[in-house]
Amino acid sequence: MKKKKFSAGIFWVYLLLSLWALTTIYPIIWVVQNSFKAKDKILADSFALPTGELFSLANYRKAFQNIDILGAYRNSIFISVMVALLVIVFAGMAAYALSRYRFRGSKMLYSFVVAGMMFPVFATIIPVFAMEFKWGIANTDNWWLTMLSVILPQVAGNLSFAIVVLSGYIKSLPLELEEAAYMEGCSAYQIYFKVVMPLTKPSFATVAIFAFLWSYNDLFTQMFFLKRPEMFGITTLLNQLTSQEGTNYGLMAAAVTLVAVPVIVVYIFLQKYIIRGMTAGAVKG
């Protein structure tokens, strides 16, 4: 195996990438270390490591005592998992139809899908809320209906991105495999579920991870549809906690850590699927 030469150009590239990574990672480290300090200690020296007398778990004790964090995690995980599953189901079938079938208006329909990525959630939240209120699923005391009222707009918000990513991957698959399955007597549904889906696992994993993380971090939608404390997601609950406590920087840092750390852990373990799916989906189409 031929070894790659380490040139001066590569050195500068790695140096610049390392500096950029440091500017991204250090703010996270700074927030985490300040979450273990008292408010007055942060104001005195926010860059000191939380060792010795500086170390304190008071911020986390206060967060867990004042609010139901475990219940909020349950709500957030339920919403995010359901959003990821529904996005996979609907976006996968839509992407397969747009990639493999040609019908009148198919190109225009795909253009509408791409255009859907340009509309922010802020532009549609009011009509969506009014529509769900008429359906009787928004602002109710029923836990299931309230979760549904959040899941539906989040699924809709992820579909365009998911369809574009999956379409690019499906177009890169050899058509001969599907033709062979068709000659064996498989229907369109059997071809999709038995041939296309197994081959598209990296791209499906990418879509699922992005949908899960976007839903988990979505504060704006949850603030509209989750009004009762027992139905709050983790981002909504901790946002309310920090707003009540004012400028308690230690508690704010603990709240940010409680929200961000699970996301970082998920990304660390699943980053290979994200990279593989995104690069494969960008090869063709």
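The values are calculated or read from the model by the stated rules, or taken from the named source; none is laboratory data. As the structure is a prediction and not an experimental result, all values here were calculated from the model. Note: ideal-geometry Cβ built from the backbone for every residue, glycine included; neighbour counts use all protein chains shown.
Structure summary
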| read-out | value |
| --- | --- |
| Leading residue by the ranking (surrounded by the fewest Cβ atoms within 10 Å (Cβ to Cβ)) among those in the stretch 93-150 that are touching a Ser or Thr at 6+ places or on another chain (Cβ under 7 Å) and outside any helix (DSSP H, G or I) | Thr140 |
| Qualifying residues in the stretch 46-90 (those that are in a helix (DSSP H, G or I) and of a type in the set (Phe, Trp, Tyr)) - the one surrounded by the most Cβ atoms within 10 Å (Cβ to Cβ) | Tyr60 |
| Lys227 being assigned to a loop (DSSP other than H, G, I, E, B) and under 30 Å from Ile151 (Cβ atoms) | yes |
| Flag for Leu22 being in contact (Cβ under 8 Å) with a residue 12 or more places away in the chain, of a type in the set (A, V, I, L, M, F, W, C) and out of contact with any Lys or Arg (no Cβ under 9 Å at 6 or more places or on another chain) | no |
| Residue match in the stretch 34-45 (condition: farther than 30 Å from Thr236 by Cβ and either in a loop (DSSP other than H, G, I, E, B) or at pLDDT 85 or above (or both)) | yes |
| Residues (modelled with pLDDT of 80 or more and loosely packed, with under 14 Cβ neighbours inside 10 Å) located in the stretch 227-262 | Arg228, Pro229, Glu230 |
| Which numbered condition Ile79 fails, given (1) under 27 Å from Val31 (Cα atoms); (2) without any contact (Cβ under 8 Å) to a residue 24 or more places away in the chain | (2) |
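Okay, residues lined up against (1) touching a residue at least 24 places away in the same chain (Cβ under 8 Å); (2) in a helix (DSSP H, G or I); (3) over 26 Å from Ser35 (Cβ atoms):
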position	(1), (2), (3)
Val164	yes, yes, yes
Glu179	no, yes, yes
Cys186	no, no, yes
Lys194	no, yes, yes
Pro198	no, yes, yes
Pro202	yes, yes, yes
Phe210	yes, yes, yes
Leu241	yes, yes, no
Met252	no, yes, no
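Condition check ((1) at pLDDT 90 or above; (2) farther than 27 Å from Leu226 by Cβ; (3) aromatic (Phe, Trp, Tyr)) across all residues:
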position	(1), (2), (3)
Thr140	no, no, no
Leu145	yes, no, no
Gln154	yes, no, no
Leu159	yes, no, no
Pro174	no, yes, no
Tyr182	no, yes, yes
Ala188	no, yes, no
Lys194	no, yes, no
